[in-house]
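Single-structure report; data block below.
The values are calculated or read from the model by the stated rules, or taken from the named source; none is laboratory data. Quick caveat, the model's predicted, so the values are computed rather than measured. Cβ sites come from the backbone with ideal geometry, for glycine too, and all protein chains shown count toward neighbours.
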Amino acid sequence: MAQIGAHISAAGGLTQALIRAEELKIRTMQIFGSSPRQWQVHEPKEEDISSYYLKQEERLVEPVFLHAPYLVNLATNDYEIREKSINALIDHLRIAELIKARGLVFHAGSSGGSKKEALERIVQGMMKILEEVRGSTQLILENSAGGGNKICISPAEIGFVVQSTNHKRISVCFDTAHAFEAGVFHFAPNRIERYLEDWNDKLGLDYISLIHINDSITDFNSGRDLHANIGEGKIGLDGFRALACQPELNKLPWILEVPGFDNQGPDRRNIEILENCFC
């Protein structure tokens, strides 16, 4: 079975996120290192980091991933936004290093100009970020749901970025809802292996370091990013059962980003439903 986790609120401090993870009975999690809706970044206080380390010794939640702000856009041809994006990712990657997270997940963004030039800007931005922040924490590129001139939708686009950077600290986050909504991955049992082969050919499944597990409110190839609880969306339980049977993916961390049955975020019921998808 995959290591099932969830995106957890870090409100009240890093240690509170670990406590919430324990309550959900999960051993891996994703958090925001600072506000996801602001450029300004607030590093955790030294006492918060020390408390976090002590709590980790009691009961290890590993691996831990950070998610970057939603404002980030490395693909844009707007110089000011791109520079803000690079600086924000540098700051969030530093936080990830401070708490010894495995990686920082981010969205590449969008651009109304040449797609090739946008991809090259993403590559250049990622390399600059890694030069500024030394260490072992990965910079993890997440696939997009499409729509609004989004970049890094297909395995070919993501593969271009990964191969162009050719850096050991760069990997990929595969979001199930995004891939389905972008029309680049179908989870039907009779189709999933063909799509998986395409991703392996154009990207290489070895580059995937975690999966965001989300059902989709919207249809295949809708280009609209709307998450649903597991089994309540268009991917459906059969789709997640088919995914759970894929040995290339079912040993990775699977992180839930679902709304929750009480609309409070990932919950125990979603976790149990997902666990039951495995043979």
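So Val105 fits all but one of (1) within 22 Å of Ile31 (Cβ to Cβ); (2) assigned to a helix (DSSP H, G or I); (3) among the aliphatic types (A, V, I, L, M); what number is the exception?
(2)
Between a first residue in the range 72-101 that is closer than 21 Å to Ile153 by Cα and a second residue that is at pLDDT below 95, which pairs have beta carbons less than 6 Å apart while being 6 or more apart in sequence or on different chains?
Close Cβ pairs (under 6 Å, with a partner that is at pLDDT below 95) amount to Ala75/Ser111; Thr76/Ser111; Asn77/Ser111; Asn77/Gly113.
From the set of residues in the range 211-263 that are in a loop (DSSP other than H, G, I, E, B) and aromatic (Phe, Trp, Tyr), which is farthest from Glu181 (Cα to Cα)?
Restricting to residues being in a loop (DSSP other than H, G, I, E, B) and aromatic (Phe, Trp, Tyr), the top hit is Phe261.
Could you check how many residues of the range 1-45 are out of contact with any strand residue (DSSP E or B) (no Cβ under 8 Å at 6 or more places or on another chain), hydrophobic (A, V, I, L, M, F, W, C) and under 22 Å from Tyr70 (Cβ atoms)?
3
Can you tell me which residue in the range 219-247 is surrounded by the fewest Cβ atoms within 10 Å (Cβ to Cβ), limited to those that are among the charged types (D, E, K, R) and touching a residue at least 60 places away in the same chain (Cβ under 8 Å)?
Filtering the range 219-247 for residues that are among the charged types (D, E, K, R) and touching a residue at least 60 places away in the same chain (Cβ under 8 Å), the one surrounded by the fewest Cβ atoms within 10 Å (Cβ to Cβ) comes out as Arg224.
Any residue in the range 23-43 that is under 16 Å from Gln56 (Cβ atoms) sitting within a Cβ distance under 9 Å of a residue that is among the aromatic types (Phe, Trp, Tyr) and outside any loop (DSSP other than H, G, I, E, B)? List the pairs, counting only those 6 or more apart or interchain.
Taking only residues 6 or more apart or on different chains, the pairs are Thr28/Phe65; Thr28/Trp254; Met29/Phe65; Gln30/Phe65; Ile31/Phe65.
Could you grab me the full set of residues in the range 157-210 that are outside any helix (DSSP H, G or I), charged (D, E, K, R) and crowded, with 20+ Cβ neighbours inside 10 Å? Even if it seems obvious, please write down each step before you answer.
First, pick out the residues of the range 157-210 that are outside any helix (DSSP H, G or I): 166-175, 182-191, 203-204, 208-210.
Subsequent filtering for residues that are charged (D, E, K, R) retains 168-169, 175, 191.
Passing the criteria: only Asp175.
From Ser114, Ser85, which residue is in contact with a Gly (Cβ under 9 Å, 6 or more places away or on another chain) and of a type in the set (S, T, N, Q)?
Working: Ser114 fails: in contact with a Gly (Cβ under 9 Å, 6 or more places away or on another chain).
The match here is Ser85.
Could you please find all residues in the range 91-143 being more than 20 Å from Gln163 (Cβ to Cβ) and surrounded by fewer than 17 Cβ atoms within 10 Å (Cβ to Cβ)?
Result: Glu97, Lys100, Gly112, Gly113, Glu132, Arg134, Gly135, Ser136.
Does any residue in the range 51-64 that is closer than 14 Å to Arg102 by Cα and β-branched (Val, Ile, Thr) come within less than 6 Å, Cβ to Cβ, of a residue that is modelled with pLDDT of 95 or more and in a helix (DSSP H, G or I) six or more places away or on a different chain, and which pairs are these?
Val61/Leu18; Val61/Ala21
If you go through the range 14-47, how many residues are surrounded by fewer than 17 Cβ atoms within 10 Å (Cβ to Cβ) and either in contact with a Ser or Thr (Cβ under 8 Å, 6 or more places away or on another chain) or more than 24 Å from Leu210 (Cα to Cα) (or both)? Steps first, answer last, please.
Within the range 14-47, the first condition is being surrounded by fewer than 17 Cβ atoms within 10 Å (Cβ to Cβ), and the residues that meet it are 19, 22-23, 25, 27, 35-40, 42-43, 45-47.
Among the residues that remain, those that are also either in contact with a Ser or Thr (Cβ under 8 Å, 6 or more places away or on another chain) or more than 24 Å from Leu210 (Cα to Cα) (or both) are: 38-40, 42-43, 45-47.
Summing the residues that are surrounded by fewer than 17 Cβ atoms within 10 Å (Cβ to Cβ) and either in contact with a Ser or Thr (Cβ under 8 Å, 6 or more places away or on another chain) or more than 24 Å from Leu210 (Cα to Cα) (or both) in the range 14-47 gives 8.
Any idea how many residues of the range 166-191 are touching a strand residue (DSSP E or B) at 6+ places or on another chain (Cβ under 9 Å) and in contact (Cβ under 8 Å) with a residue 12 or more places away in the chain? Walk me through how you get there before you give the answer.
At the first step, the residues of the range 166-191 found to be touching a strand residue (DSSP E or B) at 6+ places or on another chain (Cβ under 9 Å) are 167-178, 180-182, 185.
Still in the running and in contact (Cβ under 8 Å) with a residue 12 or more places away in the chain: 167, 169-178, 180-182, 185.
The qualifying residues number 15.
Only one of Gln30, Gln16 is of a type outside the set (D, E, K, R) and more than 17 Å from the chain's Cα centre (by Cα); which?
Working: Gln30 fails: more than 17 Å from the chain's Cα centre (by Cα).
On inspection, the qualifying residue turns out to be Gln16.
Give the range 46-75 a look and list any residue that's touching a strand residue (DSSP E or B) at 6+ places or on another chain (Cβ under 9 Å) and within 30 Å of Arg121 (Cβ to Cβ), or say none.
Matches in the range 46-75: Pro63, Val64, Phe65, Leu66, His67, Ala68, Pro69, Tyr70, Val72, Asn73, Leu74, Ala75.
Scan the range 211-218 and tell me whether some residue there is touching a residue at least 60 places away in the same chain (Cβ under 8 Å) and either out of contact with any His (no Cβ under 8 Å at 6 or more places or on another chain) or surrounded by fewer than 18 Cβ atoms within 10 Å (Cβ to Cβ) (or both). Can you show your working first?
The first filter runs over the range 211-218 and keeps only residues touching a residue at least 60 places away in the same chain (Cβ under 8 Å), leaving 211-213.
Going one step further and asking which of them are either out of contact with any His (no Cβ under 8 Å at 6 or more places or on another chain) or surrounded by fewer than 18 Cβ atoms within 10 Å (Cβ to Cβ) (or both), we end up with 211, 213.
Within the range 211-218, one or more residues are touching a residue at least 60 places away in the same chain (Cβ under 8 Å) and either out of contact with any His (no Cβ under 8 Å at 6 or more places or on another chain) or surrounded by fewer than 18 Cβ atoms within 10 Å (Cβ to Cβ) (or both).
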